[in-house]
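Contents: one structure, followed by commentary.
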Amino acid sequence: MQNIVGRALLLGGCAVLLSACQHTQRALDTVNIYTAPKPVTNTNIQIYCTGTENCEFERINRTEIVNESTHLVNHDAIQKGYIRLKPKLTTLQANSIYLTVPAGQNEVVIRFYPISKDRAEKITVIHKFMAGHTYTFNMYRARSRGTGSLLNVSAPDPLCVALLDDKRTVRRFCKPYNVLTGLGEFAEQKTIF
């Protein structure tokens, strides 16, 4: 009997330690972000993502930012000073980070989670970012009041991502729902200035 209770306590202790590892890693990452070198602000840009309960920067060019399977930030990106915490936030949580990267043409890959944390919508954008500007990738659902067949009207509204340059939309990408396959790809839409 003591042997069984001892094993149960040992297994319970191991489970607690293993679950605490990820929280410990997040705490260490938060400290590392705060102590990382501050980038030069006049030659860099800031990139935010908004619009869903959670969004993660997968990578900028070839530098991984947040790992897709572990959802932990990359140490190299922290050391380069790419990752910053939003003001008034003291821990890594949903939508708590933004990027500060050199201006110029960059490839940004972002994962949005519009429905649940299990299903990501990924978008890749190559854009020439101008120094000193603040950019925001904002996901939204393009609501439409369509008429027509029941099949067309019952399809979900398309997901869209707007790239805002200091609160002005410069590019827009939408992912229409394909009634036949249920799949779609983000395609750039014409933006009227």
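General observations
- Using a Förster distance of 25 Å, the FRET efficiency for Thr63-Lys122 (Cβ separation, nearest 0.05): 0.90
- Taking 0.36 nm per residue of separation and subtracting the current Cα-Cα distance, fully stretching the chain between His133 and Lys38 would add 32.5 nm.
- Given Lys117/Lys175; Lys117/Lys190; Lys128/Lys167, the pairs whose alpha carbons are separated by over 27 Å: Lys117/Lys190
- Of the GluC sites (Glu not before Pro) found in segment 35-87, the ones in coil according to DSSP and having at most 16 other Cβ atoms within 10 Å of their Cβ are Glu53, Glu68.
- Pairwise FRET efficiency - Gln189 versus His75, Cβ, R0 = 30 Å, nearest 0.05: 0.20
- Applying 0.36 nm per residue to the separation of Glu53 and Thr169 and subtracting their alpha-carbon distance, the gain on full extension is 39.7 nm.
- Under-5 Å amide H pairs with Cys49, H placed in peptide plane, nonlocal only: Phe137
Values quoted throughout were computed directly from the atomic coordinates according to the rules given, and no laboratory measurement underlies them. Only a predicted model underlies this, so the values are computations on that prediction, with no experimental measurement involved. All Cβ positions, even for glycine, are placed from backbone atoms using ideal geometry, and neighbour counts span all protein chains on display.
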